[in-house]
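The structure under discussion appears below in the form of structure tokens.
Please treat every number below as a calculation from the coordinates, not as lab data. Values in this document were obtained by computation on a predicted structure and should not be read as measured data. Here Cβ is always computed from backbone atoms with ideal geometry, including for glycine, and neighbour counts include all displayed protein chains.
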Protein chains: 2
Amino acid sequence: MAIKKQRAVRRTDALSKERIVEAAIEILDTDGEGALTFRALAARLATGSGAIYWHVANKDDLLAAATNDVIARVMAGLAQGARPREAIRALALGLFDAIDVHPWVGTQLSRAPWLAAIPQIFEGFGSRLEGLGVPEEAQFDATSTLVIHVLGVAGQNAANARLLAHRTDRTAFLGEIAQQWAQLDPARYPFVHRVAAQLPEHDDREQFLAGIDLILGGIEAAHPGPSART
Amino acid sequence: MAIKKQRAVRRTDALSKERIVEAAIEILDTDGEGALTFRALAARLATGSGAIYWHVANKDDLLAAATNDVIARVMAGLAQGARPREAIRALALGLFDAIDVHPWVGTQLSRAPWLAAIPQIFEGFGSRLEGLGVPEEAQFDATSTLVIHVLGVAGQNAANARLLAHRTDRTAFLGEIAQQWAQLDPARYPFVHRVAAQLPEHDDREQFLAGIDLILGGIEAAHPGPSART
DNA sequence: ACCTGAACACCGTTCAAGT
DNA sequence: ACCTGAACACCGTTCAAGT
């Protein structure tokens, strides 16, 4: 009982945007997008909901800051000096994995293209195309296609996560969708029928990467350049 | 003044899911995603907000039905019998244009992969890959990549529309983003700097199609098949 | 069977009042 | 300068009561 007085909860530091964003990320990660409210955030920070507005303009601002944090961490964690094609794949996978862990980032990225996180992603892909032999006039379209692929998958993964929050089993959930697809008229949906069986067992990450490789293949086919020997 | 009595508002027909969805689409198209509330919808239909729940499970159900309507119309309007590559491009452009007119469809598609609209889109792309010479094992990944591209662009366009709702000029808005990009550190963001100038003047539709062509190029490069003479 | 509309629970955001 | 927390305006959804 006579131990040195333990610091109570953590009301020592003053409130700051940093601490608010940190707490928001914790709520988003553990309880999902729906759980982030100013009331919940205020409770966790042991303050009033209005206090948060002193450091943060509004909820969009808060979510943007949280998203930037996660993306900046991905960019910082990237290995340097890889060959362009490998660097592009590593960046894509890094983003995929980050969004897999923080599905709410997917929602944000696909809802707000003016986010500060977007130019970071653009730069990450675009600056490596030079090394792939893509001429300057073609770099904008090629980069945009890679970025759109990442954002597109991000949005879908976030949607899946939103749904899986209410359910236990992922395979069972995909199985239900597969069953719905299998119940469509086979005459009108022959392809969907064939693919339905692959749905529950397919690996999102591998399919994402297959898409990146398809796009890279298209880029290289359109611009046969020096690095053809990947 | 003595003209035949005009039908008052339109309270003749009983309420139905069809009429509710129709009214919802009108609100979404004219006043944007934020304007669709059960109160606004009830007012337009001259009924109580609770009445809507007799025909529609909840707001998600309503939005799903509205989205399916728009997508089904795109599928129905497609020309028959085109060669596979042209058919795929036409489908992609049809979806792009529909989402351009109804940006809220973009939000829905990128938020809800279990929508009934999704297998329609899957079928539209997937069933044409056979004719491109893509072997069966590769069709799932290739289709998914095309669908993701459509959904990814859909989400971004919807986000842009949400922002442009509060503003008048599109070019001015893109100009502001371009300016933000141009203000980033040129040493760390050389590519973003180069691309910023192209941002305000670039054509979203053309860039979308360039992405589709890049993906198709990658598909054909991976599976050099019978239809190489496109 | 279908509709009405008040009531409920819950948001984001504001703001007068405190320190 | 920064924090508190009640109050405001507005949601989606429910439900007892009507026809």
Inset, instruction - Divide by every residue of chain A the summed helix terms, -39500 (n - 2.57) for each DSSP H run of at least 4, and state the resulting mean residue ellipticity at 222 nm, rounded to the nearest 500 deg cm²/dmol. - result: -22000 deg cm²/dmol
Inset, instruction - For B:E18 and B:E130, compute 0.36 nm times the residue count separating them, minus their Cα-Cα distance, and round to one decimal in nm. - result: 36.7 nm
Inset, instruction - Convert each backbone phi in the stretch B:24-40 into a coupling constant with the Karplus relation 6.51 cos²θ - 1.76 cosθ + 1.60 (shift: θ = phi - 60°), then list the ³J(HN,Hα) values in order as whole Hz, x for Gly and Pro. - result: 4, 4, 4, 5, 4, 5, 8, 10, x, 4, x, 8, 7, 10, 5, 5, 4
Legend entry - Per-peptide average of other Cβ atoms within 10 Å, ordering B:32-40, A:147-155 highest first: A:147-155, B:32-40
Inset, instruction - Please give every one of the aspartates and glutamates within straight-line cross-link reach of B:K17, meaning a C-alpha to C-alpha distance under 15 Å, and leave out same-chain neighbours fewer than 8 residues apart. - result: B:E26, B:D60, B:D61, B:D69
Legend entry - Per-residue HN-Hα couplings for the stretch B:96-113 [Karplus 6.51, -1.76, 1.60; θ = phi - 60°; Hz; x = Gly/Pro]: 4, 5, 5, 6, 5, 7, 10, x, 4, 5, x, 4, 4, 4, 8, 10, 9, x
Legend entry - ³J(HN,Hα) computed for each position of the stretch B:64-78 - Karplus, 6.51 cos²θ - 1.76 cosθ + 1.60, integer Hz, glycine/proline x: 4, 5, 5, 5, 4, 3, 5, 5, 4, 5, 5, 4, 5, x, 7
Legend entry - Within 10 Å of each Cβ in B:190-202, the average number of Cβ atoms from other chains: 4
Legend entry - Per-residue mean of C-beta atoms belonging to partner chains within 10 Å, peptide B:204-215: 5
